[in-house]
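Take a look at the structure below.
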């Protein structure tokens with residue numbers, strides 16, 4: 001009997017130790033996530049501080065807006081040297097009005113999935129980063145560019161990354177003229193959103209040869225004919241194989257592992273991506 005009591009006591013001690021270790025790990029992960037979130041938020045805040053507009057910038061803005069038929073380009077205080085000092089993998093910035101998407105875009109030199117689980121400060125875990133893969137160039141000259149980001153539904157970074165792209169599920173919001181702005185050190189690219197839909201969880205760049213006009217045409221046709229659970233499409237915006245497109249990819253609202261939620265826009269200022 002005494003022997004059984006000792007066994008149970010040992011088991012209880014082991015259980016308590018494991019439970020305490022689990023609690024410590026959760027607390028550490030929560031603190032790490034909060035620190036990563038704070039670092040990113042400070043970067044975003046600095047980029048959105050008011051900047052002094054020079055005459056040269058005003059001329060450039062006027063020319064760009066004229067080329068885009070009056071679409072204004074939101075200003076960003078982008079100090080590329082400082083951003084590179086913070087993380088050398090930053091090469092562009094994305095801003096989507098009407099959502100909380102206002103982040104640097106990164107690409108790791110050797111690991112396409114690195115920023116799925118690593119943060120701007122190099123720590124591991126959520127919220128991760130907005131990132132592209134080496135299937136795409138960094139100058140946005142590809143026919144189809146895909147940008148990835150988490151849909152975070154809980155924790156310290158809830159709602160960050162691409163979570164608010166789900167605003168495009170609302171038909172009234174989607175029906176407005178919505179734009180995606182991509183900032184690089186030497187240009188700003190403007191895409192008009194024409195589709196927000198769920199699609200099979202396949203690799204969009206590895207499974208289609210967009211340089212094949214017939215493949216690309218069929219892909220675009222599928223977008224316009226999609227009838228999935230979420231299928232918002234602007235049929236008044238014509239996209240052809242002569243156009244370049246940008247897709248923002250994240251998890252669905254219910255995190256269905258078989259599907260992805262995609263927001264796709266067509267490049268308006270084509271000269272900027274040549």
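Rule-based calculations on the coordinates, nothing more; no lab input. Because the structure is predicted, anything quoted here is derived from the model rather than measured. All Cβ positions, even for glycine, are placed from backbone atoms using ideal geometry, and neighbour counts span all protein chains on display.
A few notes on this one:
- Cα-based shape type of segment 218-274, given that a ≥ b ≥ c are square roots of the gyration tensor eigenvalues and the cut on a/c is 1.5: prolate
- Protection proxy ranking, peptides 166-175, 89-98, average beta carbon neighbours within 10 Å, highest first: 89-98, 166-175
- Cα gyration tensor shape for segment 143-192, rounded if a/c is under 1.5, else prolate or oblate: oblate
- Once Rg and the Kirkwood radius are both taken over the C-alpha atoms of segment 75-117, their ratio Rg/Rh works out to 1.01.
- Rel. contact order, % - alpha carbon contacts under 8 angstrom, at least six apart, segment 172-274: 37 percent
- A Förster radius of 45 Å, combined with the Cβ-Cβ distance separating residue 82 from residue 225, puts the computed FRET efficiency at roughly 0.50.
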